[in-house]
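The structure appears right after this line, and notes come after that.
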Amino acid sequence: MDCLFCNIVAGKIPSTKVYEDELVYAFKDINPQAPVHVLVIPKEHIASAAAITEENSAVVAHVFEVVPKIAKELGLENGFRVVTNSGDDGAQTVKHLHFHILGGRPLQGQMG
Ligand code: AMP
Ligand code: ZN
């Protein structure tokens, strides 16, 4: 499949791994918007938040179980933001569900 993040999960495209288990993979964003900017993705291809269903939502729950572990590991005790962009109006550029973890500085309150 011609999906950038599936290729990252498969190791065909290099990435800087932050966390991995059987269901999810986390790596540093190549164009960081904050001192800490990590992407957490399901290994399974899900196109976006709009494609989450009763059948595949367990992996999304698992993403949110590992987010606090990753945040702690990266020293984000003072807080962080988790965001997912979905579809064209959501400014999603990679069509494989991913959750941005942003932190390491006070973030703006606005959401776009
Ligand atoms: P979004 O705009 O929400 O779809 O986010 C896609 C994110 O993927 C952007 O923040 C990009 O900087 C990031 N990105 C694109 N290609 C790579 C890559 N090869 N390795 C790491 N991050 C990437
Ligand atoms: Zn994919």
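The values are calculated or read from the model by the stated rules, or taken from the named source; none is laboratory data. For clarity, every value in this text was computed on a predicted model and none was experimentally measured. Cβ placement follows ideal geometry from the backbone for every residue including glycine, while neighbour counts extend to all protein chains displayed. Ligands, DNA and RNA are excluded from the accessible area calculation, which covers all protein heavy atoms including side chains. Shrake-Rupley method; radii C 1.70, N 1.55, O 1.52, S 1.80 Å.
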### Query
Among Pro32, Cys6, Tyr19, which residue has its Cα positioned farthest towards the positive end of the charge dipole of the stretch 1-67, with +1 placed on the Cβ of Lys and Arg, -1 on the Cβ of Asp and Glu, and the dipole taken about the Cα centre?
Pro32
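How large is the dipole of the chain about the Cα centre if only Lys and Arg carry +1 and Asp and Glu carry -1, each at its Cβ, rounded to the nearest 20 debye?
Numbers: 9 positive and 13 negative charges, 91 e Å.
The calculated dipole for the chain is roughly 440 debye.
Can you give the accessible area per residue of the chain, in Å², using a 1.4 Å probe? Walk me through the numbers before you get to the answer.
Details: 6760 Å² over 112 residues.
I get 60 Å² per residue for the chain.
Roughly speaking, to the nearest percent, how much of the chain's 1.4 Å accessible area is carbon and sulfur? Could you put the intermediate results ahead of the total?
Numbers: 3520 of 6760 Å².
It is 52 percent, rounded to a whole number.
What full-extension length gain, to one decimal in nm, is calculated for Val83 and Leu4 as 0.36 nm per residue of separation minus the Cα-Cα distance?
My answer for the length gained is 26.5 nm.
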## Note on the structure
Between Glu55 and Arg105, Cβ-based FRET efficiency (R0 35 Å, step 0.05) works out to 0.40
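How would you rank 7-13, 45-51, 86-92, highest first, on the average number of other Cβ atoms within 10 Å across their residues? Display every interim value, and only then the final one.
Values: 7-13: 13.6, 45-51: 15.4, 86-92: 12.0.
Most protected by this proxy first, the peptides run 45-51, 7-13, 86-92.
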## Note on the structure
For the chain, the longest principal axis of the Cα atoms and the Cα long axis of helix 57-73 enclose an angle in degrees, to the nearest 10, of 30
### Query
How high is the relative contact order of the chain, in percent, counting Cα pairs under 8 Å that sit 6 or more residues apart?
31
### Summary
Taking every C-alpha to C-alpha distance in the chain and binning by 5 Å from 0, the per-bin percentages run 2, 11, 23, 25, 22, 12, 4, 0
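Just need the relative contact order of the stretch 48-112 here, percent rounded to a whole number, with Cα pairs under 8 Å and 6+ apart.
Details: 44 pairs, mean separation 25.2, N = 65.
Taking the mean separation of contacting Cα pairs over the length of the stretch 48-112, I get 39 percent.
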### Task
Find, among the GluC sites (Glu not before Pro) in the stretch 63-92, those assigned to loop by DSSP (not H, G, I, E, B) with at most 15 other beta-carbon atoms within 10 angstrom.
Glu77
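To the nearest 500 deg cm²/dmol, what mean residue ellipticity at 222 nm is calculated for the chain from DSSP H runs of n ≥ 4 alone, each contributing -39,500 (n - 2.57), summed and divided by the residues? Numbers along the way, then the final one.
Working: 2 runs with 23 residues, N = 112.
Per the formula, -6500 deg cm²/dmol.
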